[in-house]
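Below is one structure, written out as C-alpha cells; the observations come after it.
The values are calculated or read from the model by the stated rules, or taken from the named source; none is laboratory data. Since this is a predicted model, take the numbers as computed values, not measurements. A quick note on method: Cβ atoms are made from the backbone with ideal geometry, for glycine too, and the neighbour counts reach across all protein chains shown.
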Amino acid sequence: MNLRYGVQNPANTIALSGRASAAASASAAVSTSISASTTTAASTATATPTELDPGPPDAAKPVVTRSSALSLEAKHALGALLPLLDDPRLRDLTIQVVRGSVRIWVDRGNQMQELNGWRAPPSAVRALAVALISAGGRHIDELTPCADVRLGNGIRVHAILPPASVGGAAISIRVPRQEAMSFAALAHPGFCTMRQKNVLEHAVASKRNLLITGSTGSGKTTVLASLIDLVPSAERVITIEDVAELRLTHDHWVALEARQANLEGAGALSLERLLREALRMRPDRIVLGECRGAELLILLSALNTGHDGGAGTLHASSLHDVPARLEALGALGGLGPQALARQVSAAIHLVIHLERDQTGQHRLAALGRFAIQDDVLCIEEVV
C-alpha cells in the first residue's frame, strides 16, 4: 500500500508515504517519509506568553523537544506531524475524516484552528491511527475501535475507527508542556489573586484534600502538577491516571497507569484496582488524575480514613455544577445523594475551579468548599 498526501500550496509541500506490511496476528506497521520546506518554522516558533505559558525557554539552556523522547516507532508513524508536536505553543492536535477528506486542527493556546490545504484518503488516517496506537503498545481495529496510549514524555493519543466513528477515523493528540511549570510561575496576577495564591499554598502545606475542576483544556493537569510539587520531598506521593499525563519534579513520586485488556481480554488494570494497590504502598498523599467512575468512592473512603493531602480532578462547567457531577459519579457506584454528601463534605476540603476564556487565557475562577443543606450536597464560594 502506498499513500501520499500534500498541501496545495507549493511553498509548503508535505508528502506522506506509507507501506503496510502484513504479519500474522499483528497490526500493520506504517512507515512515513516526510519532505517539508516550511514546517521547520513550526518547531522553532516563539511562544506568546499566556497564563499557563510563561514564554520561550532561556536561550542559554538546550531546547528539549517533545519528539526527542519518542520511540523510533512513534517518530516513524508521526512523520510530518513531528514539527507540529515540537511547536512550544501546541496544546492539542486533531486529525479526522470529514465527508471523505482529511481535516487537521491545532490548538496553540487560544482556539482550535484548521490547517488548510491537506489532502489524504481516509485510509491514510486509519493507518496513522493504527501505527500510533501500536507505538504505544496497544491494539486497535474494527472489533476494538477505540484506544488511548501515552507516547514519549506524556503525549496522549486517542484514536477511534469506524464503525464507532461514523464519518471515518479520528485521532486526538494532547501534548504536555515542554517543561514542568512551577507554582511560582503559574500563580501570577493574571491567573489568580495573591489571596488565592496564599490559600492554595496553605492548603498544600496543611495537607488539605483538593479537588480541581474545570472544562476540557482549562489547565487542571498543569495546576494539579504544580501544587503537588509543593509537597515536602520527604512525603511519598502516588499518582494514579488512566493515561499518565502528570509530570512532577517531586523527589518521592510513584506514577501508576491503568491498562486495557489484551486481545484475549486479560491483563486489564482499572483505576479502581490501582487505587486499591496504592493504599498498600505506604502513601503519604494519593493523587487521582481524573474522577470519572466508581473509583471516586474508593478515593473518598481513603481520604476519610487518614490519607490526607490527596487530590484529584473532575470535569465540570462551573463551580456550582460540581455537586451534580459528583452525585452522578456516586450513582455509578451505588451511592445515594445523602451518603455521598456526607462522604464528600468530610473528605474534600477545597474545590479549585479553573476556566479558559475565548482568547485562551486561563484563570482560577473560584475556590469553594462543600456543605450539606437539607441532606443535599452543595458548594459555597470561599474566595
Note to self: under 18 Å from the mean Cα position of the chain (by Cα), in contact (Cβ under 8 Å) with a residue 60 or more places away in the chain and outside any strand (DSSP E or B): is that true of Leu263 in this structure?
What the structure shows: no
Checklist line | In the range 266-281, residue nearest to the chain's Cα centre (by Cα) [restricted to those that are closer than 18 Å to Asp148 by Cα and surrounded by fewer than 13 Cβ atoms within 10 Å (Cβ to Cβ)] | finding: Ala268
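Residues of the range 199-214 being polar (S, T, N, Q) and over 18 Å from Ala234 (Cβ atoms), which ones?
From the range 199-214, those polar (S, T, N, Q) are 206, 209, 213; that's our starting set.
Answer for the range 199-214, where residues must be polar (S, T, N, Q) and over 18 Å from Ala234 (Cβ atoms): Asn209, Thr213.
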Notebook entry, point to check: Of (1) surrounded by fewer than 19 Cβ atoms within 10 Å (Cβ to Cβ); (2) among the aliphatic types (A, V, I, L, M); (3) in a loop (DSSP other than H, G, I, E, B), Leu246 satisfies all except one. Which?
Noted result: (1)
Notebook entry, point to check: Of (1) crowded, with 16+ Cβ neighbours inside 10 Å; (2) farther than 30 Å from Asn110 by Cα, Gly334 satisfies all except one. Which?
Noted result: (1)
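Being touching a Phe, Trp or Tyr at 6+ places or on another chain (Cβ under 9 Å) and more than 26 Å from Leu143 (Cα to Cα) narrows it down to one residue among Arg247, Arg236, Arg276; which is it?
Unique residue meeting the criteria: Arg236.
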Note to self: Looking at Leu128, Leu90 in this structure, which one is at pLDDT 90 or above, under 26 Å from Ser218 (Cα atoms), outside the structural domain of Ala261 (by TED's automatic domain parsing) and not in a strand (DSSP E or B)?
What the structure shows: Leu90
Item checked: Conditions (1) under 21 Å from the mean Cα position of the chain (by Cα); (2) in the same structural domain as Leu319 (by TED's automatic domain parsing); (3) surrounded by 18 or more Cβ atoms within 10 Å (Cβ to Cβ); (4) not in a strand (DSSP E or B); number of the one not met by Ile212 -> (4)
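Here is a check on your reading of the model: is Arg177 touching a residue at least 40 places away in the same chain (Cβ under 8 Å), more than 25 Å from Val344 (Cβ to Cβ) and part of a loop (DSSP other than H, G, I, E, B)? Outline the logic, then answer.
On the way: touching a residue at least 40 places away in the same chain (Cβ under 8 Å): yes; more than 25 Å from Val344 (Cβ to Cβ): yes; part of a loop (DSSP other than H, G, I, E, B): yes.
Yes.
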Margin query: So, restricting to helices (runs of 4 or more DSSP H) that lie completely within the range 286-383, which ones have at least 2 residues that are farther than 28 Å from Glu235 by Cβ?
Written below: 322-332, 337-347
Next item on the list: Please work out if Glu257 is surrounded by fewer than 19 Cβ atoms within 10 Å (Cβ to Cβ) and touching a residue at least 60 places away in the same chain (Cβ under 8 Å).
Entry: yes
Check: If you check Leu224 against the conditions, is it outside any strand (DSSP E or B), crowded, with 19+ Cβ neighbours inside 10 Å, aliphatic (A, V, I, L, M) and modelled with pLDDT under 95?
Finding: yes
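Suppose we filter Gly360, Gly368, Gly310 for residues that are surrounded by 15 or more Cβ atoms within 10 Å (Cβ to Cβ), of a type outside the set (A, V, I, L, M), modelled with pLDDT of 90 or more and within 23 Å of the chain's Cα centre (by Cα); which single one remains? Working first, answer last.
Numbers: Gly360 fails: modelled with pLDDT of 90 or more; Gly368 fails: within 23 Å of the chain's Cα centre (by Cα).
The match here is Gly310.
Residues His202, His158: which one is in contact with a strand residue (DSSP E or B) (Cβ under 6 Å, 6 or more places away or on another chain) and not hydrophobic (A, V, I, L, M, F, W, C)? Talk me through it step by step, then tell me what you get.
On the way: His202 fails: in contact with a strand residue (DSSP E or B) (Cβ under 6 Å, 6 or more places away or on another chain).
Every option except His158 fails the conditions.
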